[in-house]
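The values are calculated or read from the model by the stated rules, or taken from the named source; none is laboratory data. Keep in mind the model is a prediction, meaning the values are calculated, not measured. We place every Cβ from the backbone using ideal geometry, glycine too, and count neighbours over all the protein chains shown.
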2 protein chains.
Amino acid sequence: MSYTPPLAEQRFVLETIARIDELQALPGFEAATPDLVEAVLTEAGKLAADLFAPLNVVGDKIGSKAVDGVVTTPPGFKEAYNAYAEGGWIGLGAHPEHGGQGLPFVLASAVQEQITSANMAFSLCPMLTLGAIEALQAHASPEQQALYLAPLIEGRWTGTMNLTEPQAGSDVGALRATATPAADGTWRVKGQKIFITWGEHDLTENIVHLVLARTPDAPAGTKGISLFIVPKFLVNADGSLGARNDARVVSTEHKLGIHGSPTCTMAFGDNDDCVGYLVGAENAGMRAMFTMMNHARINVGLEGVAIAERAYQQALTFAGERVQSAKFGGAREPVRIIEHADVRRMLMTVRAFTQAARAIAYLNAAAVDRAHAEADAAKKAEAQGLADLLTPVTKAFSTDIGVEMSSLALQVFGGMGFIEETGAAQHYRDSRIAPIYEGTNGIQALDLVGRKLPMDGGRHWRSLLQRERSFVGGLPKTGELGQMVPYLEDAIEALQTASVWISGNEGDKLADTAAGATPYLRMFGLTIGASLLARQAAEAARRLDVGEGDPAFLKAKIATARFFAEQLLPAAPALLGPITRGADLLYAIPEDALPG
Amino acid sequence: MSYTPPLAEQRFVLETIARIDELQALPGFEAATPDLVEAVLTEAGKLAADLFAPLNVVGDKIGSKAVDGVVTTPPGFKEAYNAYAEGGWIGLGAHPEHGGQGLPFVLASAVQEQITSANMAFSLCPMLTLGAIEALQAHASPEQQALYLAPLIEGRWTGTMNLTEPQAGSDVGALRATATPAADGTWRVKGQKIFITWGEHDLTENIVHLVLARTPDAPAGTKGISLFIVPKFLVNADGSLGARNDARVVSTEHKLGIHGSPTCTMAFGDNDDCVGYLVGAENAGMRAMFTMMNHARINVGLEGVAIAERAYQQALTFAGERVQSAKFGGAREPVRIIEHADVRRMLMTVRAFTQAARAIAYLNAAAVDRAHAEADAAKKAEAQGLADLLTPVTKAFSTDIGVEMSSLALQVFGGMGFIEETGAAQHYRDSRIAPIYEGTNGIQALDLVGRKLPMDGGRHWRSLLQRERSFVGGLPKTGELGQMVPYLEDAIEALQTASVWISGNEGDKLADTAAGATPYLRMFGLTIGASLLARQAAEAARRLDVGEGDPAFLKAKIATARFFAEQLLPAAPALLGPITRGADLLYAIPEDALPG
């Protein structure tokens, strides 16, 4: 159950979709030269393959569990974590002023994808730390930044994100944890949080909890939420560790997957002595939390890509070795199952969906980089709009794909797929969390239709669709690239129609928008994914023409794009009816008639 | 995590789709009166709900494991099994001459669905016994029948099905187990079998293994396979138990799901003393095994229905209780999540797919009954043709649905869905085996396009499509029923086109058929499923008109059929392109370029 980082694929998507050459030209990203990009992917890939991939099964079998307030991680996790932290990988995208390397987020995301493929349960630990770093960089005071950022970036400490309470899941505004001011200017935090990923562990000497809570007299809902730093051990002014804070793990969950990742119930202030430090202004916590969440949503989207990639690699290896049955309509000799058309269809499906989802995620992450680094205000706003628009698609489309593709890859193994020792089942189990956390995929779909489409008068989706339509219009009408054109045109046309329909819904009609949100997001992901694959195919054709690059890789890219356009994309326009049908039928059965 | 048998739904499908009234008119099925059908469903449903449903979690947690040749089943399984056997449920569909009740297979299948919803791992035990009963009824000698059938039908013994060997999974013809004749007319069986469901356990005093093996000088492949009875304990002429046979469990598998069901590696003849009894003629084993498999495939298809039904019920209960977030575009108060459009969409999707798959399975099982009981040769052949045609669809479409719907139902729970204690995760894990065993769904798709479509010159698919087209043609063009018509027409038209295309493929073109097999089976399932739901909707409308039956149930049936036609069926015609595109693109990437 080895893992081979898909270096050529990752580099190609960084070049053609993320346009990392353009990013390198932006102030602050000068270091992201092609050589450095190659070196980063290669070295991180080695860590992922050699150190983290072999620990994936161990983490699944043994898991991380809380016993008497102590969470012990699986054997090998601590050593692997140390190697990762010492390599400087956690701070890859963080600001140089606090010890980060200031490299583009999209490159850090490509590295995160590798680590996630290798060991999804482990990958959540640096992912959450990255989120904490982002939030503190954006919203913490200079003093707080000086105290907390360097240890997080160096990996000496990790970060967590504490939103959820039993009654407040998707509805963050319903949270009840409190923070009351103390005489010394700090706060006393009190409340229970659930589903806290890596909330307690034995990998580092300290943990920086970012906790959402309500201050006295805070307004109801999300407008009355503030963000607090709650360190596990208090931090002295010189950065050394002080007293143990009143923030403790109560228990860990018994989960379907990601067993190596401790999912903690956390008690803050059980002894009324949990010290917290306000980040930014009172009642501005949601904004700060969204900083974390937007990055985290892209990285969670990448979990879908990562797990599908790993599942693909394993299924491919098995299919190339297992001999079983003669080919349908062929000679009588049994063949390796990779020669069977139906197995090839499964493998091509996993391959194509994985690459489509990766392209969306990298485009999204690169837009985040542009929004950050562009000096020109108009370009900055345009990039931010694209990043915001794509984020729910990256999160939900990719994680749905992760589940579906890990299931399909498992199927390739036949009976062996159901046996835990094979490893395919772990991907099927691990992948299932990603459509749920970091905002369920249903929430993402509502975010897309409710917030992201209307942004700036609908400018961003119109401009994205216009760009893709014009790209498709410029494709040759014949040859391999031309084969894809009618499918792409149909899908873009349908997406345009659906987007216009959604944009026209107001008042009572918003119920219809909500009813169509999930199939709309799927159509969006399929269509943009197909178009981004076609862009890669066009660039592959160009390189083949001029004799650049590895012909086998480039031809495979064209075939994969074609497979997606011809075999998978036709599902997109077929969703136009379901999207625009309205909400009535969803509510046609009264609730008491729904059972039975 | 209770289970409520969907009695009204099951009865309605038995009435309108299986036409159990017509079955009752056939010789041998006279006992299947409406009152008896109702009593059977009610009583079996009670057993399922009260006895087996509570053991589902226990079975999952504790599992059945082999230790030193002994398999201990989870606490409570033995008592529940005894109650089931003593109630006469195992022999519901078996021949009366050996103690069975001779009721229609479709009714036995409805009971099997209930038990499977309640406890899938347990349900496999009677399911395998049923298969053994079917095979012995059809192929064993009168002496063998006299000795083995009554104890199996009474549930004093259970049956198993031994095909798979490490090198012979989908390719049964590759099996190597041997049987050599002994001087006394019996045989000595030798070989290892894997993945043997309920191969060893502590529920009954004896186990009747049906084992496929090769006799000396048997031809290669499936034509050289013979079927043997290999009892765990030899059976004396008076039916009492004799010596322990040389047939032993080696180990049980550590699986993703169905933990309560022991999946055994079996060693036959390790001490060269495994006594077997030939069933039927030498080298006629595959035919006998197909008798078992065809019934088993329908019952495995029902596993998809059953698990989706259970997952639906649990998700519905949760959605009706959990309060979270205000409605999109609505007032600010948080509502129960069942009021959210997207949650309602998930529930309606699970509901509609479950009912569509159930209708196909029941139609299929009823066709088996007709083929068995019709006196008229033409009607018998027609029924057999329909049964054969539908079997791969029932198996593959329903089990794919089972996986997809248990995943969607899990999503309704949000974060709680990923916690094992919630129970949704078990369905997600349990359901995953059904697309694999009893012939993978890829094998089913090839069976459909390669064997079932061409049967009798394509008469059976043509007659099914003609029947559904003419039904749709007779629907009103307006009103609720009329809403469905264009969707049904599109889908039937596309299925017709795809079927004609497949029927025209010969020689080299068979590779194209194989390439399109899986999406073709999906289109078939979607289209026929939609049409059978529309038939139910039409009958519901008729009953509403004349004031028969429960209006709430009947209106819900119409709404469910409409939801399927309008929201889910559009995926079917969109598969026409992918089905007919041919195999070239599947093989466009050379194997060595598939990694990375």
- Looking only at the range A:415-451, and only at residues there that are of a type in the set (A, V, I, L, M, F, W, C) and within 22 Å of A:Asn505 (Cβ to Cβ), the one that is farthest from the other protein chains (Cβ to nearest Cβ): A:Leu448
- Considering only the range B:167-177, state which residues are within 28 Å of B:Thr204 (Cβ to Cβ) and more than 10 Å from every other protein chain (Cβ to nearest Cβ). B:Leu175, B:Ala177
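Could you run through the range A:240-289 and say how many residues are in a strand (DSSP E or B) and of a type in the set (A, V, I, L, M)?
Taking the range A:240-289 first, the residues in a strand (DSSP E or B) are A:241-244, A:247-252, A:255, A:263-268, A:275-279.
This time we only want the ones that are of a type in the set (A, V, I, L, M), so: A:241, A:243, A:247, A:249-250, A:266-267, A:275, A:278-279.
Here the count works out to 10.
Quick check, is B:Pro454 within 9 Å of chain A (Cβ to nearest Cβ), in contact with a helix residue (DSSP H, G or I) (Cβ under 8 Å, 6 or more places away or on another chain) and either surrounded by fewer than 23 Cβ atoms within 10 Å (Cβ to Cβ) or within 26 Å of B:Ala565 (Cα to Cα) (or both)?
no
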- Might you let me know whether the range B:264-279 holds any residue that is buried (at least 24 other Cβ atoms within 10 Å of the Cβ), under 21 Å from B:Ile433 (Cβ atoms) and of a type in the set (Ser, Thr, Tyr)? no
- Item | Failed criterion for A:Thr263 (all others in (1) within 30 Å of A:Glu200 (Cβ to Cβ); (2) touching a helix residue (DSSP H, G or I) at 6+ places or on another chain (Cβ under 6 Å); (3) facing chain B (nearest Cβ under 9 Å) hold) | (2)
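Being within 14 Å of another protein chain (Cβ to nearest Cβ) and over 16 Å from B:Arg535 (Cα atoms) is the filter; apply it to the range B:1-21 and report the residue that is surrounded by the fewest Cβ atoms within 10 Å (Cβ to Cβ).
So the residue we want is B:Ser2.
Do we have A:Glu43 as in contact (Cβ under 8 Å) with a residue 12 or more places away in the chain and surrounded by fewer than 21 Cβ atoms within 10 Å (Cβ to Cβ) here?
On the way: in contact (Cβ under 8 Å) with a residue 12 or more places away in the chain: yes; surrounded by fewer than 21 Cβ atoms within 10 Å (Cβ to Cβ): yes.
Considered against the rule, which asks whether it is in contact (Cβ under 8 Å) with a residue 12 or more places away in the chain and surrounded by fewer than 21 Cβ atoms within 10 Å (Cβ to Cβ), A:Glu43 comes out as yes.
Yes/no per residue for (1) more than 27 Å from the chain's Cα centre (by Cα); (2) assigned to a strand (DSSP E or B); (3) under 18 Å from A:Met127 (Cα atoms):
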| site | (1), (2), (3) |
| --- | --- |
| A:Ile153 | no, no, yes |
| A:Gly159 | no, yes, yes |
| A:Ala179 | yes, yes, no |
| A:Val189 | yes, yes, no |
| A:Lys193 | no, yes, no |
| A:His201 | no, no, yes |
| A:Val208 | no, yes, yes |
- Select from the range A:130-166 the residues that are of a type in the set (Val, Ile, Thr) and in contact (Cβ under 8 Å) with a residue 40 or more places away in the chain and write down the one among them that is nearest to the other protein chains (Cβ to nearest Cβ). A:Thr160
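Quick check, is B:Arg358 within 14 Å of chain A (Cβ to nearest Cβ), of a type outside the set (Asp, Glu), buried (at least 24 other Cβ atoms within 10 Å of the Cβ) and touching a helix residue (DSSP H, G or I) at 6+ places or on another chain (Cβ under 7 Å)?
So B:Arg358 passes the test.
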- Message: Given the criterion more than 27 Å from B:Thr354 (Cα to Cα), modelled with pLDDT of 95 or more and surrounded by 17 or more Cβ atoms within 10 Å (Cβ to Cβ), identify the matching residue among B:Gly59, B:Gly63.
- Response: B:Gly63
- Task: For A:Asn299, indicate whether it is modelled with pLDDT of 95 or more, assigned to a loop (DSSP other than H, G, I, E, B) and away from chain B (no Cβ under 14 Å).
- Result: no
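Would you mind finding the one in A:Ala315, A:Ala319, A:Ala311 that is assigned to a helix (DSSP H, G or I), touching a strand residue (DSSP E or B) at 6+ places or on another chain (Cβ under 8 Å) and within 14 Å of chain B (Cβ to nearest Cβ)?
A:Ala319
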- Query: Across the range B:29-85, what is the number of residues that are more than 30 Å from B:Gln101 (Cα to Cα) and acidic (Asp, Glu)?
  - Reply: 2
- Item | Unique residue being within 13 Å of another protein chain (Cβ to nearest Cβ), in contact (Cβ under 8 Å) with a residue 12 or more places away in the chain, among the hydrophobic types (A, V, I, L, M, F, W, C) and over 27 Å from A:Ala534 (Cα atoms) when the list is A:Val343, A:Val350, A:Val335 | A:Val335
- Task: Could you list, in sequence order, all residues of the range B:134-164 that are closer than 24 Å to B:Phe195 by Cα and surrounded by fewer than 19 Cβ atoms within 10 Å (Cβ to Cβ)?
- Result: B:Arg156
- Here are some conditions: (1) farther than 30 Å from B:Asp60 by Cα; (2) crowded, with 24+ Cβ neighbours inside 10 Å. B:Asp388 meets all but one. Which one does it not meet? (2)
- Have a look at A:Ala552, A:Ala511, A:Ala494 and point out the one that is within 14 Å of another protein chain (Cβ to nearest Cβ), of a type outside the set (S, T, N, Q), surrounded by fewer than 24 Cβ atoms within 10 Å (Cβ to Cβ) and free of Cβ contacts under 8 Å to residues at least 60 places away in the same chain. A:Ala552
- Query: Of all residues in the range A:568-583, which are outside any loop (DSSP other than H, G, I, E, B) and either over 25 Å from the mean Cα position of the chain (by Cα) or more than 7 Å from chain B (Cβ to nearest Cβ) (or both)?
  - Reply: A:Leu568, A:Leu569, A:Pro570, A:Pro573, A:Ala574, A:Leu575, A:Leu576, A:Gly577, A:Pro578, A:Ile579, A:Thr580
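Regarding B:Asp592, is this residue under 24 Å from A:His340 (Cβ atoms), part of a helix (DSSP H, G or I) and free of Cβ contacts under 8 Å to residues at least 24 places away in the same chain?
Considered against the rule, which asks whether it is under 24 Å from A:His340 (Cβ atoms), part of a helix (DSSP H, G or I) and free of Cβ contacts under 8 Å to residues at least 24 places away in the same chain, B:Asp592 comes out as yes.
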- Task: Only residues that are within 8 Å of chain A (Cβ to nearest Cβ) and not basic (Lys, Arg): list them for the range B:555-567, please.
- Result: B:Ala556, B:Ala559, B:Thr560, B:Phe563, B:Glu566, B:Gln567
- Task: State yes or no: is B:Leu586 assigned to a helix (DSSP H, G or I), more than 8 Å from every other protein chain (Cβ to nearest Cβ) and either in contact with a helix residue (DSSP H, G or I) (Cβ under 6 Å, 6 or more places away or on another chain) or modelled with pLDDT of 95 or more (or both)?
- Result: no
- Item | Any pair with Cβ under 6 angstrom, 6 or more apart, that starts in the range A:66-86 at a residue that is part of a strand (DSSP E or B) and ends at one that is of a type in the set (Gly, Ala, Ser) | A:Ala66/A:Ser251; A:Val71/A:Ser64
- Query: Regarding B:Leu594, is this residue at pLDDT 95 or above and more than 15 Å from A:Ala571 (Cα to Cα)?
  - Reply: yes
